[in-house]
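The values are calculated or read from the model by the stated rules, or taken from the named source; none is laboratory data. As the structure is a computational prediction, the values presented were derived from the model and not from experiment. Cβ placement follows ideal geometry from the backbone for every residue including glycine, while neighbour counts extend to all protein chains displayed. For the accessible areas, the whole protein counts, side chains as well, though only heavy atoms, and no ligand, DNA or RNA atoms are used. Shrake-Rupley method; radii C 1.70, N 1.55, O 1.52, S 1.80 Å.
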Amino acid sequence: MEPSKNWRHDARRLASMEGEYGFLPIRPKSKAPLIQWRNHVGLTIAECLSIPNCSAISVITGFGLLCLDYDGESSLDYAAEQGIDFTARSWHVRRDENHWRFKVLFRPTPEQIAQLPKGEFISKQITKKSIDGAKGEALECFLDRGRYAIVIGKHQDGGNYIWPPDFGPEQLVAPSKEVWRWVLKMAELKKEPQKKSVHRLTNTTRLKPCPICGRDSDLWCETDGTLIFCMPGTTFNAEDKHGALSVGDVIDGYALVKRTPIGSGDCLTFKPHRSKVFRKYKVPIRRCRRSSRV
């Protein structure tokens, strides 16, 4: 699985899929698109490659494209327990420096899509919790037009997204019975986001995205207009993104002021950081009278 010396050349293999899927250019050392993409149908491959600083390309998921995202060795063990063959032929997106984290994409049939009980959805099965700063592991399912999957180019932490021989986009197939059985199971379990929050003291609104961890789906992080409550997760996690944080640390203009344990991790509370201003005050001079005493 040696990476191509020129990922842009490999990316042109995606051009044959443009009539079916939309693509997005990705920022260097990031997973964020270079364009405002909400409600966007996506660009062509040539358009993505023409944008300066494009370091990778992603594809928008949805009814026409299912993505299973394997994050860690425990997610493979879990998939095997569900009868899922994660080595089966389809479009595989691997990383040349981390073989335990990869994506497999499928093209569901119209008959399969008709079986979805609640339409498009996103789901995550946590297979290993984050402990002592170690990144958690999970098997995630994307079948929603509000998500995208990076499929070729540079990874934000170094290394490359690559396609193993005979497992490229040309091999995209419908999910197997075992995969689709698990997808339907997760679709049935999917619930609306909980409205209550243990940290909430005032009226709050969900952030999209969170300026601290970057969460822009499965919204959980909140603000009351001043404070930001950044919640822990496996895909979006402030300390995975910025490293271990202590009260007083400043992230992009926000200072960490409190950590609140909530079971799966800590809710991190931030407020706008204001540097201390030292004012100069005039100190009155006390004049001493000369004593007339001898």
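So here's what we get for this one:
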quantity: Model label zone, ALA134; criterion: amide N under 17 Å from point 7 Å along Cα-to-beta-carbon; scope region 60-88; calculated: 71-78
quantity: Rg/Rh (Cα only; Kirkwood hydrodynamic radius) as it applies to region 141-185; calculated: 1.04
quantity: Label-to-label distance, nm, for residues given as ASP96 and GLU188 (7 Å Cα→Cβ offset); calculated: 4.4
quantity: nm² value of the averaged projected area, convex hull over the Cα atoms of region 219-274; calculated: 3.9
quantity: Along principal axes, Cα extents of region 1-102, largest first, whole Å; calculated: 43, 32, 24
quantity: GLN171/ALA244 FRET efficiency (R0 35 Å; Cβ-Cβ; nearest 0.05); calculated: 0.30
quantity: Which listed pairs, of LYS185/LYS271; LYS29/LYS271; LYS154/LYS258; LYS154/LYS177, have C-alpha distances above 29 Å, in listed order; calculated: LYS185/LYS271; LYS154/LYS258; LYS154/LYS177
quantity: Cα gyration tensor category, rounded, prolate or oblate, for region 115-196 with a/c compared to 1.5; calculated: oblate
quantity: Base-10 log of normalised Debye intensity for the chain (one unit scatterer per alpha-carbon) at q = 0.10, 0.13 Å⁻¹; calculated: -0.60, -0.99
quantity: Segment LYS118-ARG13, length gained on full extension (0.36 nm per residue, minus Cα span); calculated: 34.5 nm
quantity: Sequence ranges 150-156, 205-211, ranked by mean other-Cβ count within 10 angstrom, highest first; calculated: 150-156, 205-211
quantity: Where the Cα pairs of region 66-186 fall when distances are cut into 10 Å bins, in %; calculated: 13, 44, 35, 7, 0
quantity: With every protein chain in place, the chain: carbon and sulfur % of accessible area (1.4 Å); calculated: 51
quantity: Cβ-based net charge around PRO28, under 15 Å, with every Lys or Arg adding one and every Asp or Glu removing one; calculated: +4
quantity: Shape category assigned to region 69-126 from the gyration tensor of Cα positions, a/c cut at 1.5; calculated: prolate
quantity: Whole-number accessible area per residue in Å² for the chain, which is evaluated in the context of all protein chains at 1.4 Å; calculated: 59
quantity: Exposure ranking of SER246, SER16, SER74 by accessible area [1.4 Å probe, largest first]; calculated: SER16, SER246, SER74
